[in-house]
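These notes concern the structure reproduced below.
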Amino acid sequence: MAEEKKLNYPKWDIDNTHPNKVEEFRNAFRQVRDPEIGMDIIQLGLIRNVSVTDEIASIVMILTTPYCPYAPMLMESARIKAEGVANLPAEITYGREVWNQSMMEDDTSLNWGLF
């Protein structure tokens, strides 16, 4: 019998505070695709944290490279998707983590020949 692979998701604050919203946020963020790589920001592991208060949704997001030419589009699209799920204003903060392939939802799904 084939073993089912566990997907790699970062722990978000809403996993504890709003667990009923986690999949809704993931599904919304899956609609934001990196046009160069052809994968969504959840597959790439770019959303590092989501927190929601009574007043705002806060997203911590990183990029595959700090020089990504699509950074403004990706971050603004993620912000808009978060607002739609939370029904609140949303803010995106650029995270401090350096992206690597192990952060991907399925780190075996893409072989770039870099490792």
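The values are calculated or read from the model by the stated rules, or taken from the named source; none is laboratory data. Here the structure is a predicted model, which means the values were calculated and not measured. Please note: Cβ atoms are built from the backbone with ideal geometry, for glycine as well, and neighbour counts cover all protein chains shown. For accessibility, only protein heavy atoms count, side chains too; no ligands or nucleic acids. Shrake-Rupley method; radii C 1.70, N 1.55, O 1.52, S 1.80 Å.
When DSSP beta bridges are limited to those with both residues in the chain, what percentage is antiparallel, rounded to the nearest 5? Counting only bridges with both partners in the chain, antiparallel ones make up about 55 percent. Remark on Asn49: its backbone amide H falls under 5 Å from those of Val60, a criterion applied only to residues 5 or more positions apart or on other chains, H modelled at 1.01 Å from N. Placing pseudo-labels 7 Å out from each Cα toward the beta carbon at Asp13 and Tyr67 gives an inter-label distance of 3.3 nm. Residues of the range 80-102 falling in the label zone of Glu24, defined by backbone nitrogen less than 14 Å from a point 7 Å along Cα to beta-carbon, are 81-89. For the chain, the fraction of alpha-carbon pairs lying more than 21 Å apart is 34 percent, rounded to a whole number.
Of the listed peptides 68-74, 38-44, what is their order by residue-averaged count of other C-beta atoms within 10 Å, with the highest listed first?
38-44, 68-74
Percent of accessible area on the chain owned by carbon and sulfur, 1.4 Å probe? C and S fraction of accessible area: 51 percent. Charge tally around Thr93: other residues with Cβ under 14 Å, Lys/Arg +1 each, Asp/Glu -1 each, net -1.
One way to sum up the overall shape of the range 52-93 is the equivalent ellipsoid from its Cα gyration tensor, whose semi-axes run 22, 10, 6 Å, largest first. Rolling a 1.4 Å probe across the protein heavy atoms gives the range 53-97 an accessible surface of 59 Å² per residue.
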